[in-house]
Amino acid sequence: GGGSGSREAVERLVRAHPVVVFMKGSPAQPLCGFSNAVVQILRLHGVEDYRAHDVLQDPDLRQGIKNYSNWPTIPQVYLNGEFVGGCDILLQMHQNGDLVEELKKLGIRSALLDAEKDQDKK
Amino acid sequence: GPLARAIRAKLDAALQPTHLQVLDESSRHGGPPGAETHFAVVVVSGRFAGLPPLQRHRLVHAALRAELAGPLHALAIVARTPQQWESDPRVPPRPPCLGGSKHERRGAA
């Protein structure tokens with residue numbers, strides 16, 4: 001099938017980059033507190049290079065991404081093409097250290113590791 | 001309100017929680033108090049044992065499928081086993097609203 005919300009189109013988007021986020025608004029201007037939380041968490045880890053898709057700009061994508069992941073809400077975070085969860089889960093992963101590990105598997109070194117090193121020096 | 005009651009009833013039936021909080025957070029997202037569009041749920045259930053967070057949240061979504069297809073616009077979830085809740089009954093602070101609902105044509109998730 002065609003259209004920006006089709007399974008094929010969504011698949012292409014989630015596989016286009018190691019870190020892909022479907023959100024409301026943009027990383028520069030999030031339009032929802034939960035989407036903003038995802039952006040802020042990624043920023044804390046020094047992840048600034050990722051694909052962000054504003055579902056408010058594309059109703060077909062907005063529905064298509066929910067069908068694809070069988071997940072009813074936005075934001076949605078994909079790591080290495082795999083759906084990881086929304087804002088609550090990303091926050092948990094950030095707090096329990098899982099996000100640092102998942103980023104490492106993608107070859108991304110979390111900025112928090114360097115922050116810890118700096119603290120150890122003091 | 002009626003949606004809060006429906007959410008509570010569905011989660012009770014599906015997950016037999018030992019602890020359940022259903023919070024209408026609509027007023028924190030630009031809606032009038034009691035708007036029943038944005039909810040947060042704290043669900044403590046033995047059904048979550050052995051399940052990663054994604055699967056726990058999917059169980060909650062499955063119980064609330066009808067509501068999520070309808071008036072329930074956003075749902076924040078805390079899903080813990082009874083042991084986890086006992087050792088940590090704190091709930092993370094909610095992200096502040098950025099008025100996103102105002103940018104949408106209709107209240108749809």
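With the cut-off at 1.5 for a/c, could you classify chain A from its C-alpha gyration tensor as rounded, prolate or oblate?
prolate
Please say if the protein assembly as shown is rounded, prolate or oblate, where rounded means a/c under 1.5 for a ≥ b ≥ c the square roots of the C-alpha gyration tensor eigenvalues, and otherwise the choice is prolate for a/b larger than b/c and oblate otherwise?
oblate
Within 10 Å of each Cβ of A:89-99, how many other protein chain Cβ atoms are there on average?
Taking the mean over all residues of the peptide, I get 2.
Relative contact order for chain B: what percent, with Cα pairs under 8 Å and sequence separation of 6 or more?
The normalised contact order for chain B reaches 28 percent.
Explain nothing, just compute: Karplus ³J(HN,Hα) = 6.51 cos²θ - 1.76 cosθ + 1.60, θ = phi - 60°, for every residue of segment A:17-31 in order, whole Hz, x for Gly and Pro.
Karplus values, whole Hz, x for Gly and Pro: 7, x, 10, 10, 10, 9, 9, 9, x, 10, x, 6, 9, x, 10.
Once both axes come from the Cα atoms, what is the angle between helix A:111-121 and the longest principal axis of chain A, in degrees from 0 to 90, rounded to 10?
In chain A, helix A:111-121 runs at an angle near 10 degrees to the longest axis.
Could you tell me the total accessible area buried at the B-A interface, probe 1.4 Å, in square angstrom to the nearest hundred?
Roughly 2000 Å².
Could you give the size of the charge dipole of segment B:2-87 about its Cα centre, using +1 on the Cβ of each K and R and -1 on the Cβ of each D and E, expressed in debye and rounded to the nearest 20?
Magnitude of the dipole: close to 240 debye.
In percent, what relative contact order does segment A:5-118 have, based on Cα pairs under 8 Å that are 6 or more apart in sequence?
Dividing the mean separation by the residue count of segment A:5-118 yields 32 percent.
Using only atoms on other chains, find how many Cβ atoms lie within 10 Å of each Cβ of peptide A:73-79 and report the average.
The shielding value for this peptide is 2.
Quick one: 3J(HN,Hα) in Hz for segment B:77-91, Karplus 6.51/-1.76/1.60 with θ = phi - 60°, rounded, Gly and Pro as x.
Values, residue by residue: 10, 10, 10, 10, 7, x, 5, 5, 5, 5, 7, 8, x, 7, 10 Hz.
Given Cβ point charges of +1 (Lys, Arg) and -1 (Asp, Glu) and nothing else, what value in debye, to the nearest 20, does the dipole of chain A about its Cα centre take?
The dipole of chain A has a size of about 80 debye.
Scanning chain B for trypsin sites (Lys or Arg not before Pro) in DSSP loops with at most 15 other Cβ atoms within 10 Å, what's the longest stretch left with none?
Answer from the scan: B:1-89.
Would you kindly state how much longer the chain becomes between residue A:104 and residue A:60 on full extension, computed as 0.36 nm times their sequence separation minus their alpha carbon distance, in nm to one decimal?
Length difference between fully extended and current span is 12.6 nm.
Once every Cα of segment B:2-87 carries one equal point scatterer and solvent is ignored, give the base-10 log of I(q)/I(0) from the Debye formula at q = 0.10, 0.16, 0.19 Å⁻¹, two decimals.
-0.23, -0.58, -0.79
In whole percent, how big is the carbon plus sulfur part of the accessible area of segment B:1-99, probe 1.4 Å, protein atoms only?
Whole-percent figure for carbon plus sulfur exposure: 58.
What aspartates and glutamates could a cross-link reach from residue A:104, if we take a straight Cα to Cα line under 18 Å and drop same-chain neighbours fewer than 8 places away?
Cross-link targets: A:48, A:49, A:82, A:114, A:116.
Please work out the C-alpha center-to-center distance from segment A:47-114 to segment B:1-77 and express it in whole Å.
21 Å
Specify the angular offset, from 0 to 90 degrees and rounded to the nearest 10, of the alpha carbon long axis of helix B:53-63 from the longest principal axis of the alpha carbons in chain B.
Long axis of B:53-63 versus the principal axis of chain B: about 70 degrees.
Considering only protein heavy atoms, what per residue accessible area in square angstrom results for segment A:5-118 with a 1.4 angstrom probe?
Solvent-accessible surface per residue comes out at 45 Å².
Tell me the angle of helix A:59-69 to the major Cα principal axis of chain A, expressed in degrees between 0 and 90 and rounded to the nearest ten.
70 degrees
The values are calculated or read from the model by the stated rules, or taken from the named source; none is laboratory data. The model shown is predicted, which means the values in this text are computed figures rather than measured ones. Because the Cβ atoms are built from the backbone with ideal geometry, glycine has one as well, and the counts that use them run over all protein chains shown. With ligands, DNA and RNA removed, areas are computed over all heavy atoms of the protein, side chains included. Shrake-Rupley method; radii C 1.70, N 1.55, O 1.52, S 1.80 Å.
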